[in-house]
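Worksheet: one structure, shown below.
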Amino acid sequence: AKSSGRNNYQFYEKEMNAMTGQRLALEHDLWSALENNEFFLNYQPQIDLESGRIIGVEALIRWLHPKRGLISPMDFIPLAEHNGLIIPIGNWVLQTACRQIKELHHSGLPPLRVAVNLSARQLGEKNFIPMVRETLHLTGIDPSCLELELTESMVMQNVEDVIDVLNALNDMQIQLSLDDFGTGFSSLAYLKRFPIDRLKIDQSFIFNCDSDPDDAIISQTIIALAHGLKIKVIAEGVERSEHMDFLKKNGCDEGQGYFIGRPLAFEDLRSLLYQRHLH
Ligand code: C2E
Ligand code: CA
Ligand code: CA
Ligand code: CA
């Protein structure tokens with residue numbers, strides 16, 4: 001038994017080293033991914049639930065690794081947050097999203113909102129506001145067409161500093177939304193102090209909102225909370241028609257999810273918007 005325990009341990013250690021090695025290799029490749037143009041953005045439609053119209057998109061980063069193929073942001077964003085590369089990568093995401101949205105406006109499509117995900121480190125970077133200003137200036141997009149998605153956890157660090165940054169962004173007419181709402185630990189009192197325009201109900205509550213009474217009451221309560229505070233509410237992870245029915249019945253403003261539309265390459269988004277615009 002003793003020796004097999006030892007073998008297990010050695011096996012475990014080997015596995016762990018292999019995993020750490022893989023992680024290191026990935027982190028190493030991340031350093032050159034930007035200059036090698038290996039990132040691109042997908043855009044997932046967001047609709048107004050009443051009219052069914054596409055009113056916005058969420059920009060989602062993708063990494064096409066030359067050897068490993070497509071790598072999920074869930075696997076490389078944490079690495080980039082850890083080694084600081086999230087700053088140049090985050091700048092690239094913001095600049096690319098604004099440039100591509102401007103391109104859509106130029107081709108005669110009605111103005112569309114683009115939501116960009118932020119990491120905590122970006123918000124804490126002292127050059128963040130000037131960078132955002134510069135990006136708006138260079139692309140010429142209307143600031144109200146840009147939405148920044150924050151998570152509850154990032155909003156909890158250095159509350160006073162965060163409030164200053166959020167107020168500055170809000171004053172610039174940029175929209176702010178609170179992502180994965182309901183999964184974090186932040187006090188509801190913060191909602192009163194942050195200039196938030198939109199709450200995003202986390203997909204974990206939407207998944208069974210039509211069958212699980214607990215998820216139903218949580219979703220209904222978030223909708224009521226948002227509306228009571230005069231902010232909009234969007235549901236993510238809308239995967240089935242039952243989700244749509246539930247959300248419409250309960251007065252949710254907007255929705256996003258596979259039932260409404262998958263994340264699309266930029267050219268596919270453009271085609272979809274043209275089609276919808278002509279009909
Ligand atoms: P998120 O912000 O919660 O984004 C929503 C995720 O849910 C996306 O995964 C999207 O593809 C997926 N999704 C959309 N509709 C559905 C649905 O109906 N059902 C299910 N099960 N999933 C759906 P994705 O693209 O893999 O992104 C994962 C996470 O990576 C994002 O979660 C976000 O936290 C992060 N991320 C993505 N792009 C960026 C970025 O540019 N910057 C930063 N900092 N984080 C990013
Ligand atoms: Ca998001
Ligand atoms: Ca605002
Ligand atoms: Ca989310």
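The values are calculated or read from the model by the stated rules, or taken from the named source; none is laboratory data. Keep in mind that this is a model prediction, so the values were computed, not measured. Cβ coordinates were reconstructed from backbone atoms using ideal geometry, including for glycine residues, and neighbour counts include every protein chain displayed. To get the accessible areas, we keep the full protein, side chains included, count just its heavy atoms, and leave off ligands, DNA and RNA. Shrake-Rupley method; radii C 1.70, N 1.55, O 1.52, S 1.80 Å.
Worth pointing out:
- Once the GluC sites (Glu not before Pro) in DSSP loops with at most 12 neighbouring Cβ atoms within 10 Å are cut out of the chain, the longest remaining piece is 51-279.
- Among the trypsin sites (Lys or Arg not before Pro) found in the stretch 114-147, those both in a DSSP coil and sparsely packed, with 16 or fewer other Cβ atoms within 10 Å of their Cβ, are 126.
- The chain, relative contact order [Cα under 8 Å, separation at least 6], %: 18
- For the stretch 69-173, the Cβ-based charge dipole about the Cα centre amounts to some 360 debye (Lys, Arg positive; Asp, Glu negative; other atoms uncharged).
- Accessible area (Å², 1.4 Å probe, nearest 10) - residue 156: 80
- With Cα atoms defining each centre, the stretch 179-218 and the stretch 55-70 are spaced 26 Å apart in the structure.
- The residues 177, 186, sorted by heavy-atom accessible surface at 1.4 Å with ligands and nucleic acids left out, run 186, 177 from largest to smallest.
- Computed over the stretch 156-279, Kirkwood Rh from alpha-carbon pairs, angstrom: 16.0
- Converting phi to 3J(HN,Hα) with the Karplus coefficients 6.51, -1.76 and 1.60 and the offset θ = phi - 60°, the stretch 89-96 yields 5, x, 4, 4, 4, 4, 5, 5 Hz in sequence order, with x at every glycine or proline.
- For the chain, carbon and sulfur atoms together expose 53% of the accessible surface, with a 1.4 angstrom probe and every protein chain in place.
- With the charge dipole of the chain set up from +1 on Lys and Arg Cβ and -1 on Asp and Glu Cβ about the Cα centre, the Cα lying farthest toward the positive end among the listed residues 175, 74, 260 is that of 74.
- Using a probe of 1.4 angstrom and keeping all protein chains present, the accessible surface of the stretch 123-171 works out to 49 square angstrom per residue.
- Accessible surface, per residue, of the stretch 197-279 when the full set of protein chains is kept, probe 1.4 Å, Å²: 52
- Shape category assigned to the stretch 112-208 from the gyration tensor of Cα positions, a/c cut at 1.5: oblate
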